Amino acid sequence: MSLLAKAPEDGLARLWSAAGPEPAHRVLRAPETGAVMVRGRAGAVGAAFNLGEMTVTRCSVRLEDGTVGHGYVQGRSKAKAMTAALVDALMQTAAAPVLEQQLLQPLRAALAEAAAARSARAAATKVDFFTMVRGED
């Protein structure tokens with residue numbers, strides 16, 4: 001789910017349409033947009049505090065065989081939430097290996113490439129500080 005939630009909407013839509021026809025399904029919870037409270041901790045050890053609200057869209061579907069899938073994505077994209085729910089359901093079926101190869105691996109590679117590019121841009125601005133020894137004891 002994390003991979004689908006982080007994937008860019010256009011890349012996910014392109015890979016999903018290339019993966020084949022949409023499976024027969026019934027919508028249990030139509031895509032709906034709402035807000036969730038984001039909480040944080042100072043230094044990962046302090047007391048939790050409310051950071052603010054974030055917009056999310058969720059959806060739930062049931063495939064013909066009864067498998068249920070849920071999708072939660074940041075933002076207001078109903079199509080992305082529907083795709084995430086369908087992928088979640090299909091990953092619980094025999095279609096999982098094919099979907100892993102055709103959809104999830106390319107998404108994983110694209111996100112890793114984007115992270116590497118971000119790291120390279122940040123590394124270019126790195127400043128190394130050092131202290132010279134003055135020779136005093």
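No lab work stands behind these numbers, since they all come straight from the coordinates. Quantities reported herein were computed from a predicted structural model and do not represent experimental measurements. Quick reminder, even Gly has a Cβ in these numbers, built from the backbone with ideal geometry, and neighbours come from all protein chains shown.
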Single residue of the stretch 14-44 satisfying the filter (over 19 Å from the mean Cα position of the chain (by Cα) and in a loop (DSSP other than H, G, I, E, B)) that is surrounded by the fewest Cβ atoms within 10 Å (Cβ to Cβ): Pro21
Extreme residue, nearest to the chain's Cα centre (by Cα), among residues of the stretch 79-101 that are more than 15 Å from Ser2 (Cβ to Cβ) and surrounded by fewer than 16 Cβ atoms within 10 Å (Cβ to Cβ): Ala79
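How about the stretch 47-137: which helices (runs of 4 or more DSSP H) wholly inside it have at least 3 residues that are touching a Gly at 6+ places or on another chain (Cβ under 9 Å)? Give the steps one after another, and end with the answer.
Details: elements: 78-90, 96-99, 105-123.
Qualifying helices (runs of 4 or more DSSP H): 78-90, 105-123.
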